[in-house]
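For reference, the structure is listed below as structure tokens.
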Amino acid sequence: MPVLVGTASWTDKTLIACGRFYPRGATNADARLRYYASKFSLVEVDSSYYAMPSPSTAQLWAERTPNHFTMNVKAFRIFTGHQTSPVVLHKDIRAALPPSTKANLYYKDLAVELRDELWRRFIEALQPLRAAAKLGLVHFQFPPWLVCNAAGRAHVAHCVERMAGHVLSVEFRHRSWFADDHIAPTLAFERELGVVHTVVDAPQGFTNSVPAIWEVTHPAYALLRLHGRNSETWNVKGAMAASDRFNYDYPDDELADLAGHTARLARGALNTHVVFNNNMEDQGQRNARSLTDLLVKAGMR
């Protein structure tokens with residue numbers, strides 16, 4: 001029942017700028033990833049949400065990390081139903097788009113053949129990590145407007161079908177998925193699809209937040225993602241970076257409580273991943289180290 005602990009991304013601007021995590025000599029992408037991988041056994045690739053990575057980039061990730069290092073990869077945003085600027089698409093894909101005055105595209109706006117090609121390229125980009133046995137979960141974080149209804153369930157199932165052969169984790173961000181009597185049906189739906197349920201730690205009381213449901217839906221994996229508990233910034237307007245929203249430093253008592261929950265969660269799966277997504281400066285890295293120490297003391301590492 002190993003528990004791997006890491007952070008979402010290793011390249012956040014405020015992390016690099018604060019100067020507290022990376023040593024003075026880690027001044028390029030190669031050195032930073034090698035250093036990060038010497039401290040943690042897991043990372044979530046967050047950049048793949050904003051723009052699809054290339055196979056050559058994924059090959060470099062594989063080469064720059066040690067054996068037994070695991071990389072979870074966040075799904076490209078257009079697949080999950082988020083608004084996507086055409087400028088982040090491949091040049092030939094952009095050329096094939098019909099004329100439009102809209103600033104953003106959605107998955108439904110794409111012709112079937114363009115959807116097919118984007119899925120093909122995303123899977124191709126993951127292949128170097130798969131070949132190196134370093135690909136963990138492919139994480140699908142759905143937008144707040146994907147609600148628990150027939151259309152929402154159909155889109156989730158569609159993504160699972162398109163990613164056949166990969167282990168997917170899914171994260172919902174509308175409270176309808178786990179509101180009262182929807183908890184059991186949603187967990188059953190995840191088990192039926194064979195996906196990993198994401199336990200979410202985040203501010204509560206918002207339409208776009210879900211409670212932490214400490215359940216396992218896949219025999220091989222459990223996943224906990226921690227966004228912090230900063231209610232004031234959760235829906236802040238005009239945020240210039242993700243760190244503006246997820247600005248939270250977990251205190252020791254909350255980490256101790258999370259360690260206990262994580263230890264119990266880990267009993268239900270062969271592997272448990274814990275990803276800190278609080279990312280103002282070195283918050284995530286410090287909290288990940290502290291949680292790792294607590295899990296070691298509990299005999300979980």
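A few comments on the model shown:
- As for region 168-187, it holds at least one residue that is at pLDDT below 95, over 16 Å from Phe276 (Cα atoms) and open to solvent by 50 Å² or more (accessible area, probe 1.4 Å).
- Residues satisfying the stated conditions in region 91-107, i.e. modelled with pLDDT under 95 and either hydroxyl-bearing (Ser, Thr, Tyr) or closer than 17 Å to Thr80 by Cβ (or both): Ser100, Thr101
- Here Leu168 meets the list (1) over 30 Å from Ala62 (Cβ atoms); (2) in contact with a Cys (Cβ under 8 Å, 6 or more places away or on another chain); (3) aliphatic (A, V, I, L, M) almost entirely, failing just condition (1).
- Residue under evaluation Pro99, criteria (1) of a type outside the set (Phe, Trp, Tyr); (2) farther than 27 Å from Phe246 by Cβ; (3) free of Cβ contacts under 8 Å to residues at least 40 places away in the same chain; (4) buried (at least 20 other Cβ atoms within 10 Å of the Cβ), criterion not met: (4)
- Taking every residue in region 259-270 that is under 14 Å from Gly299 (Cα atoms) and pairing it with any residue that is open to solvent by 10 Å² or more (accessible area, probe 1.4 Å) and in a helix (DSSP H, G or I), at least 6 positions away or on another chain, the pairs with Cβ-Cβ distances below 8 Å are Ala259/Leu294.
- Count of region 278-291 residues which are surrounded by 22 or more Cβ atoms within 10 Å (Cβ to Cβ) and hydroxyl-bearing (Ser, Thr, Tyr): 0
- Taking the criterion of being under 21 Å from Val3 (Cα atoms) and touching a Gly at 6+ places or on another chain (Cβ under 7 Å), the only residue of region 25-40 that qualifies is Phe40.
- Applying the criterion of being in a loop (DSSP other than H, G, I, E, B) and of a type in the set (A, V, I, L, M) to the residues of region 197-218, the residue that is nearest to Cys148 (Cα to Cα) is Val210.
- Of all residues in region 210-220, those being surrounded by fewer than 19 Cβ atoms within 10 Å (Cβ to Cβ) and either under 18 Å from Pro143 (Cα atoms) or in contact with a strand residue (DSSP E or B) (Cβ under 9 Å, 6 or more places away or on another chain) (or both) number 6.
- Some residue of region 119-138 being among the polar types (S, T, N, Q), within 29 Å of Ala62 (Cα to Cα) and modelled with pLDDT of 95 or more: yes
- Residues that are assigned to a strand (DSSP E or B) and either farther than 22 Å from Gly6 by Cβ or not β-branched (Val, Ile, Thr) (or both) within region 119-164 comprise Leu135, Gly136, Leu137, His139, Phe140, Gln141, listed in sequence order.
- Residues located in region 130-155, provided they are surrounded by fewer than 19 Cβ atoms within 10 Å (Cβ to Cβ) and either in contact with an Asp or Glu (Cβ under 6 Å, 6 or more places away or on another chain) or of a type in the set (Phe, Trp, Tyr) (or both): Trp145
- Restricting region 279-301 to residues that are among the hydrophobic types (A, V, I, L, M, F, W, C) and under 18 Å from the mean Cα position of the chain (by Cα), the residue that is modelled with the lowest pLDDT is Met280.
The values are calculated or read from the model by the stated rules, or taken from the named source; none is laboratory data. Keep in mind that this is a model prediction, so the values were computed, not measured. All Cβ positions, glycine included, derive from the backbone under ideal geometry; neighbour counts span all protein chains shown. Ligands, DNA and RNA are stripped out before the accessible areas are found, and what is left, the full protein with its side chains, is counted by its heavy atoms. Shrake-Rupley method; radii C 1.70, N 1.55, O 1.52, S 1.80 Å.
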